Structures are given as structure tokens and as C-alpha cells.
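Only the coordinates and a few stated rules stand behind these numbers; no lab work does. It should be emphasised that the depicted structure is a prediction, and the values quoted were computed from it without experimental measurement. Quick reminder, even Gly has a Cβ in these numbers, built from the backbone with ideal geometry, and neighbours come from all protein chains shown.
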Amino acid sequence: MSQVTHTVWSEILGHVRRLHPDLAKGWFGQLEPGHLDRGELTVSAADPEQYHYLTHRSGRAFAEAAQLTIGRLVSVRFVLAELSAPQPEPPQPGQSPVMLNNHYTFENFITGPCNRLAHAACVAVSDAPGQAYNPLFIHGSVGLGKTHLLQATCGTALATGKAKQVLYLTCEAFANDFLDAVQRGELNTFRYRYRHVDVLVIDDVQFLAERERSQEEFFHTFNTLYQMQKQIIVSADSSPAEIPSLEERLVSRFSWGLVTRIDKPCFETRMAIVRKKAELRGVELVEEVVYFIASRIDTNIRELEGAINKVEGLSRLTGQVADLALAREALGDKQPPREISIEEILEAVMRRYNVRLTDLQSKKRSKSIAFPRQVCMYLARTMTRHSLEEIGGYFGGRDHTTVLHASRTIERRRAEQPQLQTALDEIGQALRGLDSRR
Ligand code: ADP
Ligand code: MG
């Protein structure tokens with residue numbers, strides 16, 4: 001092992017600049033050469049941005065230049081400066097147990113156009129953690145199978161021995177664990193636990209947006225794991241750029257790997273899912289009933305499961321076979337609900353909160369107007385198929401992040417305030433009531 005002298009290093013840099021002027025950066029001058037050990041030259045980058053650029057863009061150029069200078073086959077390995085410094089001894093290598101739902105396997109996951117890419121990416125990651133797509137970011141609205149896929153990936157990587165230490169947790173659990181560690185003064189243990197894994201999965205990462213310090217900690221965890229080529233997988237309800245107040249540096253890191261979306265399942269996929277779920281529960285459903293359930297419910301897969309439950313429950317209760325008549329009864333034999341329009345939502349909200357249309361569409365921010373406006377956006381998001389952009393268009397051309405933020409705010413308050421929940425239920429019923437009067 002020998003230390004590379006500055007003369008040798010300047011020569012290497014010179015070759016890189018001469019042979020690849022398009023790749024060379026001014027900050028190359030700040031790079032620190034390390035040791036040359038068994039044909040491998042170590043070079044320290046000052047920050048993760050540089051590190052990323054070096055490993056992804058200019059690795060080959062450096063290797064070529066080093067070979068030219070040193071005169072033999074040399075590979076170049078980049079490291080992050082802060083991490084190559086000696087680390088304090090970790091106190092306890094206590095690994096949290098992974099709590100995985102054993103029904104969430106790839107085998108039980110039905111693929112279709114809506115989720116094929118996300119599924120393929122997860123299979124690839126489970127087969128080669130840290131190498132296939134890193135980080136892997138999966139987004140889509142609730143009940144579309146994100147948690148299922150994430151857990152299947154963990155379970156498979158563990159079962160096949162492709163990963164030994166896997167940490168799967170919700171964003172909430174990560175943030176709580178972090179706060180707990182801060183309060184107890186056990187940050188070292190915390191960091192050890194999160195930074196010595198082969199795969200780290202954070203589910204529903206959008207909740208990091210409201211937690212600055214946890215976000216900061218996650219950022220550093222991310223850098224460490226990434227640098228060690230450990231796999232990071234996250235899920236969220238929207239793409240990185242659409243998560244409000246997610247720091248730009250995290251947004252950009254998430255896009256280093258693969259960002260993939262899960263959409264609502266199409267009819268054929270819903271049919272296949274209903275068949276699979278029924279089979280898994282040992283419920284016999286004739287094709288007619290499968291068709292009925294799949295055509296009645298097109299929102300998400302959790303609702304599909306709920307519908308199967310209802311049919312199964314009624315069949316058990318009455319001792320009758322689960323035929324079409326019973327399924328109709330179980331699900332309430334209404335025609336599929338008519339589409340509710342944004343205009344109808346606006347009218348219902350105007351009546352309830354006594355506001356004018358011009359106010360809702362204005363830029364006014366007073367609470368008495370901003371709140372009903374947010375309610376409108378929330379209802380439009382949950383009761384119609386309009387995109388965030390389209391909904392924003394109805395409210396004086398607001399952009400999609402405003403709509404997303406509004407609906408999240410109402411969703412959160414709805415969970416906290418029973419009066420709001422009642423109000424929203426009543427507006428919803430009134431809107432659907434319009435339906436039955438038709
Ligand atoms: P999310 O995390 O996106 O909110 P989940 O992963 O919790 O959604 O999925 C909700 C339910 O739907 C779970 O019981 C899951 O097993 C099921 N599910 C979702 N997608 C599929 C699929 N493609 N095939 C089979 N089951 C699915
Ligand atoms: Mg989930």
C-alpha cells in the first residue's frame with residue numbers, strides 16, 4: 001500500500017482534463033488522492049454530490065488516466081471524505097426485527113399495466129439489493145399495493161439470502177425512533193442501527209415533509225447507505241417533487257435511482273385480483289360475481305378486498321352460496337355511482353359554508369374562505385377523477401402542489417376533528433343523494 005504523491009495525482013488530473021474536457025469539473029482540484037493498494041486507487045470526494053458525479057459519470061475517465069500515469073492496470077474507488085474518517089465504536093449492534101406481513105409476497109401480487117414497472121423494479125431489487133435500482137422510489141395513491149410490494153421485496157431478499165439485515169418501517173416509526181433516540185441521548189445507537197443494514201425501506205415517506213429534523217437525519221442515513229451501495233427503498237403518495245416541503249436535496253437524491261408510479265388497476269387487473277384474493281381466502285366466487293365486484297369497485301385494491309369481505313360475510317351469515325344475487329345484496333344493488341362534478345362540489349360547499357363562488361376562486365387567504373376552498377379541493381380529489389392540475393384550474397389556476405397540500409390538510413384534520421368528519425360525511429351524502437334522485 002502506498003500513498004499517491006501530489007505529483008502523480010496532478011498528472012492523473014491532467015490526463016482526465018485533457019482526454020475528457022467535457023467531463024472535467026473545476027472542483028476536481030479539491031479531490032484528495034488516498035492510497036494505492038493492490039491496484040486500487042482511493043480518491044476522497046468532499047460531498048455526496050461530487051461522489052455521485054464521480055461514480056456515475058467519470059469513474060472510467062479517472063481509471064484510464066491513472067493507468068496512463070502509473071503505467072499499469074489500476075482501478076479507482078471513490079469514497080466520501082466524512083465517511084472515510086475513523087468512526088466511533090458503535091455501542092450496540094441491536095437490529096430491530098423486521099415485521100413483515102407474510103401474505104405480502106410477489107406470488108400473491110397480481111400485475112397489470114398499472115403496476116408492472118414497479119413490480120419488475122422490486123423483483124430486480126430483491127435479487128440484487130444495492131445494485132439494480134438505487135434508490136427505488138414507488139409512488140401512488142392509497143390502497144394500490146405499495147406496502148405489499150415493499151414487503152415482498154424485503155421478504156424475498158431475506159429468504160434468498162440476498163440481504164441479511166433488512167429494516168422495513170413506516171416513516172412515522174422512523175421519525176418516532178429518531179426523536180426517542182434524541183431524547184435518550186442515544187443517537188449513536190440509532191445511527192448504528194440504521195446505517196448497518198443491507199436494505200432500508202421507509203414506507204409513506206411523504207410524512208417526512210412535516211418533520212424537519214427527521215428529514216435531516218434521513219438525509220444523512222441516505223448518504224451513508226448509498227455510499228456503501230446499500231439498498232434504499234421508499235414509497236410515497238406522490239412523486240418526490242410533489243411532496244410539499246420535502247427538501248430539494250432529498251428530492252434530487254430520490255431521482256438518482258428509479259422513480260416509478262403505481263396507477264389504479266384496470267378492469268382486467270381488478271378481475272385477476274378478486275380471483276386471487278378469493279382463492280387465498282378459500283372463498284368460492286363464480287365468474288359472474290368476480291365480474292360484478294370488479295366492475296362495481298374501481299377505486300383501489302383495499303376497497304376490492306372490503307367488497308369480497310362483505311360478500312363472504314353475508315354468505316356465511318345466511319348460509320347461502322355467494323352467487324350474483326347475494327353479491328348484489330351484500331354490496332347494495334345500486335348502479336355504479338354517477339360521476340360527481342366539481343361544480344356540484346362547489347355548490348354544496350358554498351351552501352354549507354355560506355361563501356360565494358367568486359371568493360372560492362379568488363386569491364383571498366382569510367380563514368373563512370381558505371378553509372372551504374381547501375374542503376372543495378379535498379372533495380374534488382377524493383370524489384372525482386380530475387387530476388390535481390385540473391382541480392387547481394377551478395380555483396383560479398392554482399398549481400397542483402396547492403391542491404395536494406389542501407387535501408392533505410383536510411385529511412389530517414378530518415382524522416383529528418369529529419365535527420369536520422361529520423360535516424364532510426354530510427356533504428358527501430348530499431352529493432351522492434343527488435345521484436339517487438336522478
Ligand atoms: P398502499 O400501501 O399502496 O396503500 P397496500 O400495499 O397496503 O397499499 O395494499 C392494500 C391491499 O391491497 C393489501 O391487502 C394488498 O395485499 C392488496 N393489493 C394491492 N395491490 C395488489 C395486487 N396487485 N395484487 C394483489 N393484492 C394487492
Ligand atoms: Mg401503505
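Counted by Cβ distance under 14 Å from Glu40, the other residues give a net charge of +2, where Lys and Arg count +1 and Asp and Glu count -1. Distance between the C-alpha centres of region 360-401 and region 161-204: 37 Å, rounded to the whole angstrom.
With a Förster radius of 22 Å applied to the beta-carbon distance between Arg356 and Ser245, the computed FRET efficiency rounds to 0.10.
Determine the gain in length on full extension of the stretch Lys310-Ser295; use 0.36 nm per residue of separation and subtract their C-alpha separation, reporting nm with one decimal. Please report the intermediate quantities before stating the final value.
Numbers: separation 15, 0.36 × 15 = 5.40 nm, distance 1.56 nm.
So the extension gain works out to 3.8 nm.
In this label model, Asn101 and Glu284 are separated by 2.8 nm, measuring between points 7 Å along each Cα→Cβ vector. With the simple spin-label model, which puts each label point 7 Å out from Cα in the Cβ direction, the Leu19 to Ser255 separation comes to 3.1 nm. Take the Cα of His400, step 7 Å toward its Cβ, do the same at Glu186, and the gap between the two points is 4.2 nm.
Ordering His103, Pro418, Val375 by Cα displacement along the dipole of the chain toward the positive end leaves Val375 in first place; charges were set at the Cβ atoms of Lys, Arg (+1) and Asp, Glu (-1). The rule of thumb for compact globular proteins, 2.2 N^0.38 Å, goes into the C-alpha radius of gyration of the chain 1.21 times.
Between the C-alpha center of region 34-85 and that of region 289-358 there is a gap of 59 Å. Length available on full extension from Glu347 to Leu179: 0.36 nm per residue minus the Cα-Cα distance, which gives 56.1 nm. Taking 35 Å as R0, compute the FRET efficiency from the Cβ-Cβ separation of Thr170 and Arg60 and round it to 0.05. It comes out at approximately 0.30. Computed from the Kirkwood radius of its Cα pairs, the Stokes-Einstein diffusion coefficient for region 301-418 at 25 °C and 0.890 mPa s stands at 149 µm²/s. Once the C-beta distance of His196 and Thr5 is scaled by a Förster radius of 25 Å, the resulting FRET efficiency is 0.10 to the nearest 0.05. Near His196, once Lys and Arg are set to +1 and Asp and Glu to -1 for all other residues with Cβ below 11 Å from its Cβ, the sum equals +4.
Legend: residue pairs Lys230/Lys264; Lys146/Lys277; Lys230/Lys276; Lys146/Lys363; Lys146/Lys276, Cα-Cα distance threshold 25 Å; pairs beyond threshold, Lys230/Lys264; Lys230/Lys276; Lys146/Lys363.
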